[in-house]
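Worksheet: one structure, shown below.
The values are calculated or read from the model by the stated rules, or taken from the named source; none is laboratory data. Since this is a predicted model, take the numbers as computed values, not measurements. Because the Cβ atoms are built from the backbone with ideal geometry, glycine has one as well, and the counts that use them run over all protein chains shown. Each accessible area value is taken on the protein alone, full model and side chains, heavy atoms only, with ligands, DNA and RNA left out. Shrake-Rupley method; radii C 1.70, N 1.55, O 1.52, S 1.80 Å.
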Amino acid sequence: MENATLKTLMERRSVRAFQARQVDEQTLNTILQVATYTPTGRNRQSPIMVVVQDEKTREQLRRMNAEIMGTPEADPFYGAPTIVIVLADRNVSTHIEDGSLVMGTLMNAAFSLGVDSCWIHRARQEFDSEEGKALLTAWGIEGDYVGIGHCILGYREGDLPPARPRKDRYVYRV
């Protein structure tokens with residue numbers, strides 16, 4: 001395929017095994033900057049992103065997420081060295097859609113720059129909890145934010161997973 005954007009959109013896959021190597025600062029900043037240009041309802045820009053790279057906070061988030069998942073010893077972040085938490089202003093009617101599109105933009109921008117990713121759920125439960133709200137306060141985040149997702153970023157261990165076949169009746173024309 002000649003169009004780089006379409007190639008990225010068709011070839012990006014969720015990765016669930018990561019090297020310990022951290023995403024370099026320039027690449028990460030580019031990914032984050034691109035995500036700030038994500039379309040949002042009425043251009044309200046309801047989402048925010050929190051970048052976590054320190055081991056202590058990553059471990060706290062791992063524990064919280066794994067407990068919600070019901071497997072306290074698991075690593076729901078698959079060893080990814082960077083976690084970008086996407087939250088959105090609960091008072092904006094399009095907050096879920098806005099935050100979800102930011103998640104997609106993060107993953108596609110990352111892949112276009114050679115960085116792998118995966119969307120990890122349970123951010124809503126994490127940041128609706130008292131511990132999650134305390135984290136937001138400690139990070140200086142004010143407002144009524146809901147967790148949309150965790151975009152884990154890093155460099156994959158092994159090969160890129162192949163695309164699964166597309167389902168029948170994916171598209172209907174009327």
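For the reader, a short list of remarks on this structure follows.
- Any chance GLY104 is more than 22 Å from ARG156 (Cβ to Cβ), of a type outside the set (D, E, K, R) and under 12 Å from the mean Cα position of the chain (by Cα): no
- Counting only residues that are of a type in the set (Val, Ile, Thr) and not in a helix (DSSP H, G or I), the stretch 1-40 holds 5 of them.
- For the stretch 45-58, residues that are open to solvent by 60 Å² or more (accessible area, probe 1.4 Å) and part of a helix (DSSP H, G or I) total 2.
- Residue satisfying condition, being closer than 21 Å to LEU136 by Cα, open to solvent by 50 Å² or more (accessible area, probe 1.4 Å) and of a type in the set (S, T, N, Q), within set THR36, THR30: THR36
- Of all residues in the stretch 91-116, none satisfies the criterion of being of a type in the set (A, V, I, L, M) and assigned to a strand (DSSP E or B).
- Residue satisfying all of: in the stretch 147-174; of a type in the set (Gly, Ala, Ser) and not in a strand (DSSP E or B); farthest from THR94 (Cα to Cα) among these: GLY158
- If you go through the stretch 63-93 and keep only what is among the β-branched types (Val, Ile, Thr) and within 15 Å of GLN125 (Cβ to Cβ), you end up with ILE68, THR71, ILE85, VAL86.
- Top-ranked residue of the stretch 117-136 - restricted to ones that are outside any helix (DSSP H, G or I), in contact with a helix residue (DSSP H, G or I) (Cβ under 7 Å, 6 or more places away or on another chain) and more than 17 Å from PRO72 (Cβ to Cβ), ranked as least open to solvent (accessible area, probe 1.4 Å): SER117
- Residue check, SER129 touching a residue at least 40 places away in the same chain (Cβ under 8 Å) and touching a Leu at 6+ places or on another chain (Cβ under 6 Å): no
- Flag if GLU67 is assigned to a helix (DSSP H, G or I) and touching a residue at least 40 places away in the same chain (Cβ under 8 Å): no
- Criterion: farther than 17 Å from GLY149 by Cβ, out of contact with any strand residue (DSSP E or B) (no Cβ under 7 Å at 6 or more places or on another chain) and exposed (fewer than 12 other Cβ atoms within 10 Å of the Cβ) - qualifying residue of ARG63, ARG42: ARG42
- Taken over the stretch 137-174, the criterion of being surrounded by 12 or more Cβ atoms within 10 Å (Cβ to Cβ) and closer than 17 Å to LEU9 by Cα is satisfied by CYS151, LEU153, LEU160, PRO161.
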